[in-house]
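Read through the structure below, which is laid out as structure tokens, and then see the notes.
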Amino acid sequence: MGPKVVRATKSSPSPLAQVGPDEIEVARVVGVYGTSGEVRVHLHNRASTLLRRWCDVVLIAPDGARSPAKLRVRAGAGGREIGALQGLRTREEAAARMGAIIGLARADLPP
């Protein structure tokens, strides 16, 4: 059996959690994967390879709190996308990011 997966609940996003005018929402943290601080990620464009390397992103919590982060996404089993956020080491740290919007500066997008 694989690692236990915890999923975020399906609720409408808070009006506080929004990307800024110079950012674009590229994904959301929808769950926790395993015990080493990885998160399940819902990519809005699964065909994009942009997040397959370490990228500077902004995490926007449901309460509107913003924090810069470095993220890399890899393919997981069953079509899942698994994200590693630099500095997260435990399941509890990952769980604290559930429901967060993952934003990227428009200037960092390819043409």
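From helices alone, the chain scores -1000 deg cm²/dmol at 222 nm; the rule is -39500 (n - 2.57) for each run of n ≥ 4 DSSP H residues, then divide by the residue total.
Among Leu104, Leu109, the sequence by solvent-accessible area, most first, with a 1.4 Å probe is Leu109, Leu104. Volume of the convex hull of the range 34-86 (Cα atoms only), normalised per residue: 94 Å³. Relative to the Cα centre, the charge distribution of the range 45-111, modelled as +1 at Lys and Arg Cβ and -1 at Asp and Glu Cβ, gives a dipole magnitude of about 260 debye. Across the chain, the mean sequence separation of Cα contacts (distance under 8 Å, 6 or more residues apart), normalised by length, yields a relative contact order of 35 percent.
The string of couplings for the range 44-58 from the Karplus curve (6.51, -1.76, 1.60, θ = phi - 60°) is 6, 10, 5, 7, 6, 9, 3, 8, 6, 10, 4, 10, 7, 10, 10 Hz, one whole number per residue in order, with x for Gly and Pro. Using Cα-only point scatterers and the Debye equation, what is log10 of I(q)/I(0) for the chain at each q in 0.18 Å⁻¹, rounded to two decimals? Those come out to -0.85, one per q. Annotation: extensible slack from Arg106 through Ile24 equals 28.9 nm (criterion: 0.36 nm per residue apart, minus Cα-Cα distance).
Think of the chain as a dipole: +1 on every Lys or Arg Cβ, -1 on every Asp or Glu Cβ, centred on the Cα centre; then among Ala17, Ala105, Thr90, Thr90 lies furthest on the positive end. Distance between the modelled labels on Ala65 and Ala96, one decimal in nanometres: 0.7 nm (7 Å Cα→Cβ projection). Residues in the chain average 60 Å² of solvent-accessible surface per residue, probe 1.4 Å, ligands and nucleic acids excluded.
Look at the dipole of the chain built from charges on Cβ: of Cys55, Gly37, Ala77, the Cα furthest out on the positive end belongs to Ala77.
The values are calculated or read from the model by the stated rules, or taken from the named source; none is laboratory data. Here the structure is a predicted model, which is why all the values come from computation and not from measurement. Cβ atoms come from the backbone with ideal geometry, glycine included; neighbour counts cover every protein chain shown. Heavy atoms of the whole protein, side chains included, go into the accessibility calculation; ligands, DNA and RNA do not. Shrake-Rupley method; radii C 1.70, N 1.55, O 1.52, S 1.80 Å.
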